[in-house]
Amino acid sequence: MIKLCRQEGLETVNIVRKDEYVKDLRESYGEKYVLNQESPTFLKDLEPILKDTQATILFECLGGDLPGDIFAKMVSKSWMIVYGSLTKKRSTFDAYDFRWNDKNITSFILNRWIVSLEPEVRQQQFQRVADDLQNNQGHIFGSQIVKEVPLEDWKEAMEESEKLASEGKFIIKCHRN
């Protein structure tokens, strides 16, 4: 996400769950705004950053109370785009924000978005990803592959992948006879 935003000229405010991720994003990616959501001062530390950046889009993939707490601190007319629910917890939000601060929440489901595109635009997007994967070793759209598992071990792999979700992807190898 960081690389894609950078390519599009967008500044990001990055929220992670471990201090080593804070260090990595600052050192490896040169990110200016990186906070650990587990810090006891997280929301207090976030407020001046949101004020400084005037961030208006929150990409949300976790669920629970925290996204609503973050969203409440964002400026009027902000959008939350929900694309996952890793914690499997119900999300909570302040209804006041929607009515009086003109905020919005929407979902993003990749396959729905793809089929909504005009064929020419869809092909351009496919080509953009293919070019990155083929010519740039997945610099923008690639992912770290943590483990490859045979199809018959898919149940165990799903359980293990949930524990290692932030480290990368599991590939389930399907062999056809």
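A few notes on this one:
- Among residues of the stretch 1-15 that are in contact (Cβ under 8 Å) with a residue 24 or more places away in the chain, none has a Cβ under 6 angstrom from a residue that is surrounded by fewer than 15 Cβ atoms within 10 Å (Cβ to Cβ) and in a loop (DSSP other than H, G, I, E, B) at a sequence gap of 6+ or on a separate chain.
- Checking Ile140, Ile114, Ile109 one by one, the residue that is among the hydrophobic types (A, V, I, L, M, F, W, C) and touching a Phe, Trp or Tyr at 6+ places or on another chain (Cβ under 8 Å) is Ile109 and no other.
- Close Cβ contacts (under 7 Å, 6 or more residues apart or on different chains) running from residues in the stretch 142-160 that are touching a residue at least 12 places away in the same chain (Cβ under 8 Å) and within 27 Å of Phe126 (Cβ to Cβ) to residues that are loosely packed, with under 11 Cβ neighbours inside 10 Å and hydrophobic (A, V, I, L, M, F, W, C) comprise Leu151/Cys174.
- Residue, modelled with the lowest pLDDT, within the stretch 84-126, restricted to residues that are among the hydrophobic types (A, V, I, L, M, F, W, C), assigned to a loop (DSSP other than H, G, I, E, B) and over 15 Å from Met74 (Cα atoms): Leu86
- When residues in the stretch 114-157 are screened for being touching a strand residue (DSSP E or B) at 6+ places or on another chain (Cβ under 8 Å) and among the hydrophobic types (A, V, I, L, M, F, W, C), 6 of them pass.
- Scan of the stretch 42-66 for residues that are out of contact with any helix residue (DSSP H, G or I) (no Cβ under 6 Å at 6 or more places or on another chain), aliphatic (A, V, I, L, M) and assigned to a strand (DSSP E or B), ordered by number: Ile57
- The stretch 142-160, subset surrounded by 10 or more Cβ atoms within 10 Å (Cβ to Cβ) and under 20 Å from the mean Cα position of the chain (by Cα), residue farthest from Lys173 (Cα to Cα): Gly142
- The one condition in (1) part of a strand (DSSP E or B); (2) touching a residue at least 40 places away in the same chain (Cβ under 8 Å); (3) farther than 29 Å from Trp100 by Cβ that Val34 fails to fulfil: (2)
- Restricting the stretch 67-81 to residues that are touching a Leu at 6+ places or on another chain (Cβ under 9 Å) and not in a loop (DSSP other than H, G, I, E, B) leaves a set whose member that is farthest from Glu162 (Cα to Cα) is Trp79.
- Inter-residue pairs, beta-carbon under 7 Å, first surrounded by 15 or more Cβ atoms within 10 Å (Cβ to Cβ) and in the stretch 45-56, second part of a helix (DSSP H, G or I), 6+ apart: Leu46/Ile70
- Unmet requirement for Arg99, which otherwise passes all of (1) in the same structural domain as Leu50 (by TED's automatic domain parsing); (2) farther than 25 Å from Phe42 by Cβ; (3) surrounded by 15 or more Cβ atoms within 10 Å (Cβ to Cβ): (3)
- Yes/no for Ser39 being outside any helix (DSSP H, G or I) and in contact (Cβ under 8 Å) with a residue 24 or more places away in the chain: no
The values are calculated or read from the model by the stated rules, or taken from the named source; none is laboratory data. Because the structure is predicted, anything quoted here is derived from the model rather than measured. Ideal geometry is used to build each Cβ from the backbone, glycine not excepted, and the neighbour counts take in all protein chains shown.
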